[in-house]
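Let me begin by presenting the structure, written as structure tokens, before commenting on it.
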Amino acid sequence: MKSLLPFLKPYRKELFIGPLFKWVEAFFELLVPLVVARLIDVGVKNGDASYVWRQGGIMVLLGLVGLCSSLCCQYMASKASQGFGTDLRGAIFRKVMSFSGAELDYFTAPSLVTRLTGDSYQVQQGVAMLIRMAVRAPFLVVGAVVMAMTIDMQLSLVFICVTPVLALIIWFVLFKNVPRYREVNKKLDRVSTITRENLLGARVVRAFSKEEEQERKLEAAAKEHERLSVGIGKLNALLSPLTSAVMNLGIAAIIWFGAGNVDTGSLTQGELIAFVNYMGQILLALIALVNLVLIFIKAAASGRRICEVLDTTPEVDSGRGESAEAADGIPAIEMRGVSMRYGRSGDNALDDISISVPRGETLGVIGGTGSGKSTLAGLIPRMYDVSGGEVLVNGLDVRAWDAEKLRQRIGLVPQSPTILSGTILSNVTLKKPDASEEDIKAAIEISQSADFVYSGENGIMREITAGGRNLSGGQRQRLTIARAIAAKPEILILDDSASALDMRTDKALRRALRERTRGMTVVIISQRVSAVEGADRILVLSGGKCAGYGTHGELMKNCAEYREIVKSQEAGENE
Amino acid sequence: MNNAAGTLKRLLMLVKPQLPKMLLAFLCAAAGVGATLYCPVLAGRAIDAIIAPSQVNYADVKSALLILLPVIAALLVFGVLMSLITNKVCYRVVREMRVSLFAKICGVPIKTIDDIPAGEWMSRMVTDVDNVADGLLQGATQLFSGIVTILMTLVFMLTIDWVIALVVVALTPLSLILAAVIARGSRKMFSKQSLLQGSLGGYAEEMFGAQRVLVSCGAAKMAQDGMDKINGELKTWGFRAQIYASFTNPSTRFVNGLVYAAVAIAGGLSAVSGGMTIGAISCFLSYANQYTKPFNEVTGIMAQLQTAVMSAERIFALMDLQSESPDKALPAQEKGNGEVEFRHVSFRYVPERPMIEDFSLTVRAGMRVAIVGPTGCGKTTLINLLMRFYDVDSGAVLVDGVDIRDMKREELRSRFGMVLQETFLTTGTVAENIAFGRENASMEEIVAAAKAVHADGFIRQMDDGYDTLLLNNGEGLSQGQKQLICIARVMLLQPPMLILDEATSSIDTLTEHRVQRAFEKLMKGRTAFVVAHRLSTIQSSDLILVMRAGKIVESGTHHELLKAGGFYKTLYESQFD
């Protein structure tokens, strides 16, 4: 939670003055019963109508002062909490943008969105409430007791007994139920999980004629949710009637004992009424306090989730600011005994990989699912850091490179295409906003996107919806390839990025890459032999290990794994 | 408004079995409110007996307090009872709504599931049902107690002193009007704020989803600029909305204070002239506090009720969707050996776009039919018709000589084993997932099925082997591994006919090669429909249907099609050179 404090710092003034105003309001509120007591004891007892008017006037005045200071406080609270919330959201967003793949995998994007929106809102509300209520409610409780003590020490014993009882009832119900709410939410999650599964898997459920069984499953989950909810409701049902009953008992006690004190002259009738009024105030303040505590509990949980994000140090830093130019004789990409492991446990995703790719050459990487191909691709632009060994680009360790400069020189086309809302143009120029018209046109042609880009009504200015949903899977892939090429990178990495393309387009793409990107070092990662067999060298990955490294011809001769892959893809031809 | 009335009527129907309980809850609420309001009267009566030194009538104090005790007990008992009953009714109705919504999900045609986004169903199921429960059931009792409180307070006040009562009645609307004015003024700011909150969430969702790409493209700065812009705007409007709305409480509190002062003055003056006792003033003062409270609450409840009615309307809209035609009454059909016929079938997903026109095809038992073509050409349509996920517009699909519309859906579907491209795993163990179609399968059978599709190896490597719990559609498994589990599921069933819809497209070729051998084993002697985009796997099919842009453009065996030199040949050659 400490990481949130710096965000409050700019609003120190509001945080101090706001509650002060609130305190003033609460103080005047506490005076009201005393004024009423005077009104009765002096005004009514003496039959002095003008005194009654004067005391009434004082009450209105007290209210007016209270209103003013309260409005001041609300202003402070709004200013501080909105400012705080805005700063916090900006910081979370910035932090997430600095994350490497490891942190993204750990948090997942949807959960980060929730922290940015829902959680930050909760904390913001917490700050507003802190200013508005944190001083007021406890002050009213304590103040009412103190006021009662100044009127009649002996009679205030009733307050000293009743207040803790009220507080105890409230705390008991609250703390008994808070963990149970979590249980109820879990049960509700179960209901939504079953629903979601049945929506996404509707065809399978029906193919297996499982509708009735699924309905039974949901009914059981819904019943369980009902049972727990009713359980919580039972305890909650006690809260309001019980506190109200205790308060009235307190009033009864005050009247009973107060009667004796009035009899002996140590208490006036008006003061007795003031006592009754204070009792009412205590209950109201305690209930406000409960709401406050609930908001704080929520805000604290949200705050912890936000701190988790803010306190995370990205595994990959921004480098040591160096850079290196391509030079003859120095390989564009080199890996020396590279190992990579995700998280602390588990097997190595990559194990002792050594390769060297001279400038302008093409490296093919082939292997089955889970063989570590994508991991290898991510290591070159330093999306992850190696666990062992080193990765060098232009002869310089990627950890020494200025991360931004490094990534500017590498075009990575990931397996699943990511398209942003905007236009085709804004997507193609994402990496290099000032790319020249020729470069853009060339990139679109090389990536085989020309047919759908230029055929459309608005051509390159065509609107793209979020996620590129108005494009087909193959079109999305081609656009991401165009995006990488338009920035004219020194190194182009295609991570299985032609998987949604049909064979003809895939082939045309590879030909265009060969012919029109001379001097570019290319890494092609694929499951298809046809995609990599033309490469200068091929790395065969199997379970993260190097199963073979050489040209197609060499591998056919001395790599059993490669031969098996080739055979599996030729199988159809021979039958 | 008419619509809302209709919705309320339907809701009443839904709650009908619970109506006696609801009435009981209302009675308890009335009794509880009555008791609560009677307390200040009794306290006032006692205070009137405590005037000054040596002017205390202990007997009167005692008798007032002795009545007070049972009244307190009554307010406790009735208050608790009311909450308990409302809770019970409320959650019962919540459960019933969820169960019938879910039954609807299981009962509507697949078309409806395809047409309505899953998120929409989900928010009906979770949020809207909660809204209805909170608003209509909890809200109804609160509204009722609120109104009862107002009325009873009014009656009590009028009986004590009608002049002061009128003062209170005249002044309280002030706080209501004030609250309403503030609410109206802030509505625009709040809608602007929630609009901005929505676009901030949407922006973050897109940018966080694309974070890797943004980082690797060096576009993180650009993303941050976009965020700062929306965030800054949200700050402006959020501040306006908050400050405006936060004036409500202090302002209504001020008005309440005015009422309080007015009662004190009026009561005091009346007492000076001997009209009113001091106990009555005390009683009035506590009423002045209580009288305004339900008014403020009622405004809140009305808003809640509106939300609830809107939620209920949305829920009913889903409930009103047409379910699939009932088929329970259809007679059981004799099991054949797996003959399938498409007879002059025409079908369109949307009326404007023809999909399949006058298509006829006879598939003899044991034949293997492959459907190929580029992505998005409608290969899956035939499968949709065959499984009756969609019904034909004209013509008929016959299985073993019987129109599939004359068959129970369950019976039809049980004749097919189906593996789809998108995998579906339920929350449960690996073993449970494999036995999805046959719950009583023994462990040996499950393992044998897994072995047959080469899934046994990786399953054993998992933390708890076959007992490993799968969550969120198999989180942590690779796409290929998930698919293997789905294939094992069909392997276990050994159905008479098979449908493989791009079943191996997300598996690498080496694994596919192995799975293919398993399929060969499975398909032997069975009628099979195979949709594929890799041509290598379907060349041995008895019949290949080539589809392009929703139409079947060629059909024949592999060799016939190659000889014909059409679209198939182009597709085929582009794959292997």
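Structure notes:
- Total residues in the range A:266-284, condition closer than 24 Å to A:Arg132 by Cβ and open to solvent by 10 Å² or more (accessible area, probe 1.4 Å): 5
- Where A:Arg399 falls short, out of the listed (1) of a type in the set (D, E, K, R); (2) in a helix (DSSP H, G or I); (3) modelled with pLDDT of 90 or more: (2)
- When B:Ile113 is tested against the conditions (1) more than 30 Å from A:Arg206 (Cα to Cα); (2) modelled with pLDDT of 85 or more; (3) of a type in the set (A, V, I, L, M, F, W, C); (4) surrounded by 15 or more Cβ atoms within 10 Å (Cβ to Cβ), the lone failure is (1).
- Count - residues of the range A:226-235 that are facing chain B (nearest Cβ under 7 Å) and either under 12 Å from B:Arg95 (Cα atoms) or open to solvent by 60 Å² or more (accessible area, probe 1.4 Å) (or both): 4
- Exactly one residue out of A:Val184, A:Val205, A:Val178 is in contact with a Leu (Cβ under 7 Å, 6 or more places away or on another chain) and outside the structural domain of A:Ala301 (by TED's automatic domain parsing), and it is A:Val184.
- Scan of the range A:39-94 for residues that are open to solvent by less than 20 Å² (accessible area, probe 1.4 Å), among the aromatic types (Phe, Trp, Tyr) and at the interface with chain B (Cβ under 7 Å from one of its Cβ atoms), ordered by number: A:Phe93
- Residues that are under 30 Å from A:Lys45 (Cβ atoms) and more than 7 Å from chain A (Cβ to nearest Cβ) number at least 2 in the following helices (runs of 4 or more DSSP H) confined to the range B:190-276: B:248-272.
- For the range A:548-575, a tally of residues being in contact with a strand residue (DSSP E or B) (Cβ under 7 Å, 6 or more places away or on another chain) and open to solvent by less than 40 Å² (accessible area, probe 1.4 Å) returns 6.
- The range A:507-516, residues that are open to solvent by less than 60 Å² (accessible area, probe 1.4 Å) and either free of Cβ contacts under 8 Å to residues at least 60 places away in the same chain or of a type in the set (Ser, Thr, Tyr) (or both): A:Lys507, A:Arg510
- Qualifying position, being closer than 22 Å to A:Arg196 by Cβ, modelled with pLDDT under 90 and either open to solvent by 30 Å² or more (accessible area, probe 1.4 Å) or within 13 Å of chain A (Cβ to nearest Cβ) (or both), among B:Gly401, B:Gly417, B:Gly437: B:Gly437
- Qualifying residue in the range B:402-418 (condition: part of a loop (DSSP other than H, G, I, E, B) and within 28 Å of B:Tyr568 (Cβ to Cβ)): no
- From the options A:Ile444, A:Ile424, A:Ile380, residue that is of a type in the set (A, V, I, L, M), farther than 26 Å from A:Ala327 by Cβ and touching a strand residue (DSSP E or B) at 6+ places or on another chain (Cβ under 7 Å): A:Ile424
- Tabulated pairs, the range A:517-541, first away from chain B (no Cβ under 14 Å), second surrounded by fewer than 23 Cβ atoms within 10 Å (Cβ to Cβ) and of a type in the set (Ser, Thr, Tyr), C-beta under 7 angstrom, 6+ apart or interchain: A:Val522/A:Thr362; A:Ile524/A:Thr362; A:Ala535/A:Thr362; A:Asp536/A:Thr362; A:Arg537/A:Tyr549; A:Arg537/A:Thr551; A:Ile538/A:Thr551; A:Leu539/A:Tyr549
- Answer residue from the range B:57-101, given it is facing another protein chain (nearest Cβ under 7 Å) and in contact with a Ser or Thr (Cβ under 7 Å, 6 or more places away or on another chain) and is farthest from B:Ile47 (Cα to Cα) among those: B:Tyr91
- Residue check for A:Val135: touching a Pro at 6+ places or on another chain (Cβ under 9 Å) and β-branched (Val, Ile, Thr): yes
- Within the range A:126-145, none of the residues are within 19 Å of B:Gly226 (Cβ to Cβ) and either over 16 Å from the mean Cα position of the chain (by Cα) or in a helix (DSSP H, G or I) (or both).
- Among the residues making up the range B:278-292, a single one is open to solvent by 10 Å² or more (accessible area, probe 1.4 Å) and free of Cβ contacts under 8 Å to residues at least 40 places away in the same chain: B:Asn289.
Let's see how each residue does on (1) over 30 Å from B:Gln290 (Cβ atoms); (2) crowded, with 19+ Cβ neighbours inside 10 Å:
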{"position": "B:Gly198", "(1), (2)": "yes, no"}
{"position": "B:Gly202", "(1), (2)": "yes, no"}
{"position": "B:Ser216", "(1), (2)": "yes, yes"}
{"position": "B:Asp225", "(1), (2)": "yes, no"}
{"position": "B:Lys229", "(1), (2)": "yes, no"}
{"position": "B:Val255", "(1), (2)": "no, yes"}
{"position": "B:Ile265", "(1), (2)": "no, yes"}
{"position": "B:Gly275", "(1), (2)": "no, no"}
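- Condition met for B:Gly428 (under 27 Å from the mean Cα position of the chain (by Cα) and within 20 Å of B:Gln494 (Cβ to Cβ)): no
- Candidates are the residues of the range A:6-38 that are aromatic (Phe, Trp, Tyr) and away from chain B (no Cβ under 12 Å); the one that is nearest to B:Asp48 (Cα to Cα) is A:Phe27.
- Whichever residue in the range B:455-490 is touching a residue at least 60 places away in the same chain (Cβ under 8 Å) and among the hydrophobic types (A, V, I, L, M, F, W, C) and, among such residues, is nearest to the other protein chains (Cβ to nearest Cβ): B:Cys486
- Total residues in the range A:126-146, condition touching a helix residue (DSSP H, G or I) at 6+ places or on another chain (Cβ under 6 Å), open to solvent by 30 Å² or more (accessible area, probe 1.4 Å) and either more than 30 Å from A:Ser78 (Cα to Cα) or not aromatic (Phe, Trp, Tyr) (or both): 4
- Residue check, B:Tyr244 farther than 23 Å from A:Pro33 by Cα, buried (at least 19 other Cβ atoms within 10 Å of the Cβ) and not assigned by TED's automatic domain parsing to the domain that holds B:Gly34: yes
- Take the conditions (1) within 30 Å of B:Met462 (Cα to Cα); (2) open to solvent by 10 Å² or more (accessible area, probe 1.4 Å); B:Pro374 misses just one of them, which is (1).
Rundown of residues vs (1) modelled with pLDDT under 75; (2) within 11 Å of chain A (Cβ to nearest Cβ); (3) at negative phi; (4) open to solvent by 10 Å² or more (accessible area, probe 1.4 Å), yes/no style:
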residue	(1), (2), (3), (4)
B:Pro496	no, no, yes, yes
B:Ala518	yes, no, yes, no
B:His533	yes, yes, yes, yes
B:Ser536	yes, yes, yes, yes
B:Asp542	no, no, yes, yes
B:Gly556	no, no, no, no
B:Leu562	no, no, yes, yes
B:Gly566	no, no, yes, yes
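- Filter pass, A:Glu212 being surrounded by fewer than 19 Cβ atoms within 10 Å (Cβ to Cβ) and either acidic (Asp, Glu) or outside any helix (DSSP H, G or I) (or both): yes
The values are calculated or read from the model by the stated rules, or taken from the named source; none is laboratory data. All values reported here derive from a predicted model rather than from experimental measurement. Backbone-built Cβ (ideal geometry, glycine too); neighbour counts: all protein chains shown. For accessibility, only protein heavy atoms count, side chains too; no ligands or nucleic acids. Shrake-Rupley method; radii C 1.70, N 1.55, O 1.52, S 1.80 Å.
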